[in-house]
1. Regarding the range 198-210, can at least one residue be identified that is part of a helix (DSSP H, G or I) and crowded, with 16+ Cβ neighbours inside 10 Å?
2. Every residue in the range 242-269 that is at pLDDT 90 or above and either surrounded by fewer than 19 Cβ atoms within 10 Å (Cβ to Cβ) or of a type in the set (D, E, K, R) (or both), please.
3. Residues in the range 155-177: is at least one at pLDDT below 95, farther than 30 Å from Q39 by Cα and not aromatic (F, W, Y)?
4. Among the residues of the range 134-142, is there at least one that is of a type in the set (V, I, T), under 12 Å from I56 (Cβ atoms), buried (at least 18 other Cβ atoms within 10 Å of the Cβ) and touching a residue at least 40 places away in the same chain (Cβ under 8 Å)?
5. Do you know which residues across the range 82-110 are surrounded by 22 or more Cβ atoms within 10 Å (Cβ to Cβ) and over 26 Å from G71 (Cα atoms)?
6. Scan the range 257-271 and give yes if some residue there is small (G, A, S) and over 30 Å from G61 (Cα atoms), otherwise no.
7. Is it fair to say V169 is surrounded by 17 or more Cβ atoms within 10 Å (Cβ to Cβ), assigned to a loop (DSSP other than H, G, I, E, B), among the β-branched types (V, I, T) and assigned by TED's automatic domain parsing to the domain that holds W274?
Amino acid sequence: MEKTKKSGFKRVLHVLMITFLTLIGLLAVSLAGIYVVNQISLSREASKIKNYGEKIKVFDGTMNVIDEGQGKETIVLLPGYGTASPGLDFKPLIAELKKDYRVVAIEPFGYGLSSQTKRERSAKNMVEEIHSVVEQLNIDSFILMGHSIAGIYGLNYAAAYPENVEAFVGIDSSVPNQPWPGFDDSLPNFIQKSGLMRVIFKLNPEGFKIKGMDDETYEQSRMLNLKNLYNETVRKEGQALDETFKEAKKLAFPKGLPLLLFVAKENDATLPNWLELHQEQAASVNKGAVVELSGTHYLHHNQSKTIAADLKKFMNEK
């Protein structure tokens, strides 16, 4: 009887082991298939990505720049970390801003249609690259506007080249003292490199579509996301962020530099003291203002008209 029980247990264990190994095998085959399909698709899509903006030679590569509008004042627009296609992501905001300003949206190395680079992704280098673009476009004075991590790069830029910046405008911009858990992109990098990101796009296309975005622009944005997300240049920038935030704590915007900071209500509800941190930053200069808007971290997706109108009003105030 005892031998029969042991024999039965061994058979069950054997069946479970075979089932487990079969599932592992199926998963491996599925991932391999997804990877191959993704690589083939990336190759095919490369020729379908349309050019926009203009390429400017910067250090060891080229940076893509969107230059629109004929206003007397210029806005230099910087994206948040890892934005796969800043030119398309900022499209609604550029459309509003260019009614009154010249708008120069810069796609850093590894972003949009810009090349990658071998240069370190320190804040110092990021700022040098932005300044090189500005100089080549013969822009002597401008409003610096940026989303998310551009709040930190803007802080560094204003410290390095204070004579060029008329004002800084943050779109839910990062601040030196914000909660920062450290950088780990192992999971998103796996999702991207394995091809699973393509599956996610397929299953939830609406989740990546900006309100009002036409189908053609969405398709271009989708292809650029799959091409650029977590490429080596962007990964190196992410890995440098720990040091970037650490060094930013030593910096402050010049007292005489006007600051206009737009803050997302949704972020204020999830990040400790998010609104207060921006209010403190605005209070550190002679002319500072904080505007809290409803929406997600990407406020420029649904609040472009308000951002443009409030900026114009702020700049006209004495």
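1. If we filter the range 198-210 for residues that are part of a helix (DSSP H, G or I), which is where we start, we get 198-203, 205-208.
The next check asks that each one be crowded, with 16+ Cβ neighbours inside 10 Å; those that pass are 198.
So far as the range 198-210 goes, yes, one or more of its residues are part of a helix (DSSP H, G or I) and crowded, with 16+ Cβ neighbours inside 10 Å.
2. D242, E243, K246, E247, K249, K250, L251, A252, P254, K255, G256, K265
3. Restricting attention to the range 155-177, the residues satisfying the condition of being at pLDDT below 95 are 177.
From what is left, the residues that are farther than 30 Å from Q39 by Cα are 177.
Narrowing further to those that are not aromatic (F, W, Y): 177.
Yes, because at least one residue in the range 155-177 is at pLDDT below 95, farther than 30 Å from Q39 by Cα and not aromatic (F, W, Y).
4. yes
5. T83, A84, F109, G110, listed by residue number.
6. Yes; the residues of the range 257-271 include at least one that is small (G, A, S) and over 30 Å from G61 (Cα atoms).
7. Details: surrounded by 17 or more Cβ atoms within 10 Å (Cβ to Cβ): yes; assigned to a loop (DSSP other than H, G, I, E, B): no; among the β-branched types (V, I, T): yes; assigned by TED's automatic domain parsing to the domain that holds W274: yes.
In short, no.
This table checks each residue for (1) more than 26 Å from E266 (Cα to Cα); (2) of a type in the set (D, E); (3) free of Cβ contacts under 8 Å to residues at least 12 places away in the same chain.
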| position | (1), (2), (3) |
| --- | --- |
| K124 | yes, no, no |
| H131 | yes, no, no |
| D172 | no, yes, no |
| N177 | no, no, no |
| G182 | no, no, no |
| I210 | no, no, no |
| A240 | yes, no, no |
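The values are calculated or read from the model by the stated rules, or taken from the named source; none is laboratory data. Predicted model only: the values in this text are computed from it and were never measured. We place every Cβ from the backbone using ideal geometry, glycine too, and count neighbours over all the protein chains shown.
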